[in-house]
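The values are calculated or read from the model by the stated rules, or taken from the named source; none is laboratory data. All of these numbers come straight from a predicted model, not from anything done at the bench. Virtual Cβ from ideal backbone geometry, glycine too; neighbours counted across all protein chains shown. For accessibility, only protein heavy atoms count, side chains too; no ligands or nucleic acids. Shrake-Rupley method; radii C 1.70, N 1.55, O 1.52, S 1.80 Å.
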Amino acid sequence: MITTDGTNLREVLAIPEVDATRTISNDVHETIMTLGIEAAFTLLYTEIDKIIRFDGNYINSRHITLLTESLILV
């Protein structure tokens with residue numbers, strides 16, 4: 001596991017020892033530039049879901065999807 005301040009996702013994914021299927025970044029702009037819009041949508045959805053459910057709150061997943069889609073379109 002590597003934890004860093006700052007990101008350089010493209011170069012990290014180029015390292016042969018790095019498992020690209022389990023590598024994540026919380027930088028939405030870099031995710032869009034490196035992996036595309038679908039990956040950025042998944043990243044935003046996951047982060048919003050974690051924040052809302054952290055203290056036991058419930059929100060319908062469709063509402064998170066709607067919020068995430070509106071953020072991606074901006």
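Given the DSSP H assignment, sum -39500 (n - 2.57) over each helix run of at least 4 residues in the chain and divide by its residue total; what's the result at 222 nm in deg cm²/dmol, nearest 500?
That calculation yields -17500 deg cm²/dmol at 222 nm.
Rounded to whole Å, give me the distance from the Cα center of the range 45-68 to that of the range 7-28.
Using only Cα atoms, the two centres lie 25 Å from each other.
Can you tell me what the convex hull of the Cα atoms of the chain projects to on average, as an area in nm²?
Convex hull of Cα atoms, orientation-averaged projection: 5.9 nm².
Could you calculate the contour length gain from T7 to N60, that is, 0.36 nm times the residue separation minus the distance between their Cα atoms, to one decimal place in nm?
Length difference between fully extended and current span is 15.9 nm.
Once the other residues with Cβ under 11 Å from the Cβ of I59 are scored (Lys, Arg +1; Asp, Glu -1), what is the net sum?
Net local charge, I59 excluded: +1.
Kyte-Doolittle cut-off 0.5, length cut-off 20 Å along the helix's own axis using Cα: show which whole DSSP H helices in the chain pass.
Within the chain the helices that satisfy the rule are 37-53.
Solvent-accessible area per residue for the chain at a 1.4 Å probe radius, Å²?
So the chain comes to 81 Å² accessible per residue, rounded to a whole number.
Ignoring any ligand, DNA or RNA, what whole percent of the accessible area of the chain comes from carbon and sulfur when the probe is 1.4 angstrom?
59 percent
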